[in-house]
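Have a look at the structure below, then the notes.
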Amino acid sequence: MTGEIAPFTGFGLGLRKEHHAAFLAAEQPVDFVEIISENFMACGGRPLHTLGAVRERHPVIMHGVSMSLGSPHGLDRDYLAELKMLADRVSPLWLSDHLCWTGVPGHTAHDLLPLPYTDEALESVIANLRLAQDVLERPLLVENPSSYHAFPESTLSEWEFLRILAEESGCYLLLDVNNVFVSSVNHRFDPLEFLDAIPRDRVRQIHLAGHSQGPEGLLIDTHDAPVCAEVWALYAQAVERFAPCATMIERDDAVPPLGELLAELDQARSHASLPA
C-alpha cells in the first residue's frame, strides 16, 4: 500500500506534557501539533483525553521512535497493530518514523541506531516499509536521523539511500534540517549536497531543533536548545527547495515555557518567507 499524502503548509510544535494545560485551556497559534506516537499507544485515561481535546482544535501528526525500520529481523506486528489502532482513532495528517534500528528481539536500545548504507540494508528497509504501510493502510514519512558513526561497509551516501528508498517503497520524507547539519559536521560533507539530492516531491515535513557540542568535536542532536543560526540558514535553503511542506520545532529536554517556543516558531515563519 502506498497512496498519496497531500502537501500541508503550516507551522507546528510537538505536544509535550509541560504544555498540555495551555493547549487544553485555549486554541494556540499553531497550524498543527505533533505527538510521539508511543506516548499514546496502549493507554487510556488522561493522555487520550488530552489528545482528543487538542485534536478538536488542531490537526495532529503522529511521530514514532520505535518502529525500527532498519531491523534485519523484520517489524514487530503487535507494535504495528497498536499503532494502527491509535492512527485510526486520531486520523492524523500522517505518520512518521526514523531511518534507523532500535534493538534486537528481546532488547530495546532506546536509541536511534545508524545503518550501513548498503544494498542489503536498503533491501531490508524497503521490505519493512512496505509491510508497515500495508498494515497501517497509509504511506509513511521517513526521517533522516543524526549520526555519529559511519560504517566503512557503506556503498551509498545517506541521501542516495533515502532517494532510492522513497522511489522503491512509495514512502515520503521528513527532512530534519538540524540532523542534516549535525551529520554534515560529524561526517564532513556538504549539507547542500544532501538537500540537492533529496527528491523534492517526496518531502512533506521539516523538523527544526537545537543541538549540543559533544566529545571529540562531535555535535549531538539533543533537542534541548533553540535552533542555531547555521540551522536557520540551512532551513531557508530547504524551504526554497521543498515548499510547500509543514515545519515543526522540536524540544524534548529543557522544555521552555510555551511562549518561548511560539516565538521561535515565528522565527521559522520569518525564515521561510526570506530569500535563501
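The values are calculated or read from the model by the stated rules, or taken from the named source; none is laboratory data. If you're wondering where the values come from, they're calculated on a predicted model, not measured in any experiment. For neighbour counting, all protein chains shown are included, and Cβ atoms are generated from backbone atoms with ideal geometry for every residue, glycine included.
Taking helices (runs of 4 or more DSSP H) that do not extend beyond the stretch 166-276, which have at least 2 residues that are polar (S, T, N, Q), in contact with a helix residue (DSSP H, G or I) (Cβ under 9 Å, 6 or more places away or on another chain) and within 28 Å of PHE151 (Cα to Cα)?
Ranges flagged: 177-187.
For every residue, the table says whether it meets (1) surrounded by fewer than 23 Cβ atoms within 10 Å (Cβ to Cβ); (2) farther than 26 Å from TRP94 by Cα.
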| site | (1), (2) |
| --- | --- |
| LEU174 | no, no |
| ASN179 | no, no |
| VAL185 | yes, yes |
| LEU192 | yes, yes |
| ASP201 | yes, no |
| GLY210 | yes, no |
| PRO215 | yes, yes |
| TRP232 | yes, no |
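So for the stretch 67-79 (the condition being surrounded by fewer than 17 Cβ atoms within 10 Å (Cβ to Cβ) and either in contact with an Asp or Glu (Cβ under 8 Å, 6 or more places away or on another chain) or part of a helix (DSSP H, G or I) (or both)), does at least one residue qualify?
Checked the stretch 67-79: at least one residue is surrounded by fewer than 17 Cβ atoms within 10 Å (Cβ to Cβ) and either in contact with an Asp or Glu (Cβ under 8 Å, 6 or more places away or on another chain) or part of a helix (DSSP H, G or I) (or both).
Any idea which of (1) under 25 Å from PRO72 (Cα atoms); (2) out of contact with any helix residue (DSSP H, G or I) (no Cβ under 8 Å at 6 or more places or on another chain) is the one TRP159 doesn't satisfy?
Every listed condition holds for TRP159 apart from (2).
Consider PRO244 against the criteria (1) surrounded by 17 or more Cβ atoms within 10 Å (Cβ to Cβ); (2) closer than 17 Å to LEU174 by Cβ; (3) within 17 Å of the chain's Cα centre (by Cα): it satisfies all of them except one. Which criterion is unmet?
(1)
So TYR117 ticks every box in (1) assigned to a loop (DSSP other than H, G, I, E, B); (2) in contact with a helix residue (DSSP H, G or I) (Cβ under 9 Å, 6 or more places away or on another chain); (3) at pLDDT 95 or above; (4) surrounded by fewer than 19 Cβ atoms within 10 Å (Cβ to Cβ) but one. Which box is left unticked?
(4)
If you scan the stretch 129-154, which residues turn out to be more than 16 Å from LEU75 (Cβ to Cβ), touching a residue at least 24 places away in the same chain (Cβ under 8 Å), not in a strand (DSSP E or B) and not aromatic (Phe, Trp, Tyr)?
ASN144, PRO145, SER146, SER147, HIS149, ALA150, GLU153, SER154
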